[in-house]
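Shown next, in structure tokens, is the structure this report addresses.
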Amino acid sequence: PRSTPKPSSAASDVYKRQLPEVLVAATRDPYSARALTYMMHLDDDMEIRDKQLALMKEKADEGVYEAMSRLIINIDRLTSSMRLPLLEMTLNSLRQLSYRQYKLFLANLDILIKADGRIGLSEWASQKMIKKHLGEAFEAQQTRVKFSSLNAVKTDIDVIISLLANAGRRSTTNTAEAFEAGRAGLEINISIIDKQHLTLSRMNHALDRLAALHPLRKPKLLKACVKTISSDNEISQLEQDLLRTIAAILECPMPPLTD
């Protein structure tokens, strides 16, 4: 096993007890951990799912598709709120892959995500988290501090707070109010970005730069993220997933969602 820092824990002990044991057990072995991750990226559309399964039967490492076939009978027990906590729990097992297995795993994950012709925000969040933590283990992609102040990454904060403000099912007015709630806690002059300009490449670039922010500045940024998604007193699963991913990339504990 590769020795690398563990990700910030996404699931408390209490929450872990609420997860189906068969899914938790699957996180503990490199074969079933890959199978579980693939399963969590299967589409709800059965035609697309059949295409994904056929591709995994062809491309997955020997033993992984078989593990997936055994695990898939539990797919209806998998709720959206379980996905990122379970993914974080697989990371220690996934670090035990060989380099070849790691590269194939990422390639297959990419195939699964793109099978329906689009990449949703939840899919982007899970892929970003996996690549961050496995990149540290297999590619020595350690993040170094480059920015000492929030103002130095202002344009990147524009992107992330705008992403969160737009993530909920809000009206244009409520999106602006959510952005303002986040901006007020930062005490810097950031500007909202229209939803159509929040491309995946732009989001990736912004998060990668924010990861290089001084550790003492990160909690303030995360608190602003919480204020953004909680401005309407209703936090969606997508908003929670995005916050969890941002916290993981910044290597900060998941902040509480209530005061």
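The values are calculated or read from the model by the stated rules, or taken from the named source; none is laboratory data. Note that the structure is predicted; figures quoted are calculated from it, not measured. Counting neighbours? That spans all protein chains shown, and the Cβs are built from the backbone with ideal geometry, glycine included. Accessible surface areas use protein heavy atoms only, side chains included; no ligands, DNA or RNA. Shrake-Rupley method; radii C 1.70, N 1.55, O 1.52, S 1.80 Å.
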Problem set entry | Alpha-carbon Rg/Rh ratio, for the stretch 186-232, with Rh computed the Kirkwood way | 0.98
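How much net charge surrounds ALA125 when only the other residues with a Cβ under 13 Å from the Cβ of ALA125 are counted, with Lys and Arg +1 and Asp and Glu -1? All intermediate terms of the calculation are to be shown ahead of the outcome.
Numbers: positive: ARG83, LYS128, LYS131, LYS132, ARG244; negative: GLU88, GLU123, GLU239, ASP241.
The answer is +1.
Counting only helical runs of four or more DSSP H residues, what would the 222 nm mean residue ellipticity of the chain come to if each run contributes -39,500 (n - 2.57) and the total is spread over all its residues?
Calculated at 222 nm, the ellipticity per residue is -19000 deg cm²/dmol.
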Problem set entry | Solvent-accessible heavy-atom area per residue, rounded to whole Å², over the chain at 1.4 Å | 49
For this session: Can you send over the solvent-accessible area of THR199, 1.4 Å probe, protein chains only, in Å² to the nearest 10?
Result: 60
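As a test of reading the structure, rank ARG77, ARG118, ARG83, ARG34 by solvent-accessible area (1.4 Å probe, protein chains only), most first.
Working: ARG77 125, ARG118 150, ARG83 75, ARG34 5 Å².
The most accessible residue leads, giving ARG118, ARG77, ARG83, ARG34.
With an 8 Å Cα cut-off and a minimum separation of 6 or more residues, compute the relative contact order for the stretch 101-247 in percent. Mind showing how you got there, number by number?
Values: 148 pairs, mean separation 50.1, N = 147.
Computed value for the stretch 101-247: 34 percent relative contact order.
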For this session: Order the following by accessible area, largest value first: VAL226, VAL22, VAL145. Probe radius 1.4 Å; ligands, DNA and RNA are ignored.
Result: VAL145, VAL22, VAL226
Problem set entry | Which of GLU66, GLU136 is most accessible, then next, and so on - probe 1.4 Å | GLU66, GLU136
Problem set entry | Of LYS59/LYS128; LYS57/LYS131; LYS103/LYS218, pairs whose Cα-Cα distance is over 25 Å | LYS103/LYS218
Exercise. Any idea of ARG244's accessible area? Nearest 10 Å², probe 1.4 Å.
Worked result: 30
Exercise. Cα-Cα pairs above 27 Å in the chain: how many percent?
Worked result: 38
Problem set entry | Per residue Cα convex hull volume in Å³ - calculated over the stretch 166-259 | 102
Problem set entry | Rounded to the nearest 20 debye, dipole of the chain from Cβ charges on Lys, Arg, Asp, Glu | 820
Exercise. Do any chymotrypsin sites (Phe, Trp or Tyr not before Pro) in the stretch 122-205 lie in a DSSP loop with no more than 10 other beta carbon atoms within 10 Å, and if so, which?
Worked result: none
Exercise. At a probe size of 1.4 Å, how large is the accessible area of VAL24, to the nearest 10 Å²?
Worked result: 10
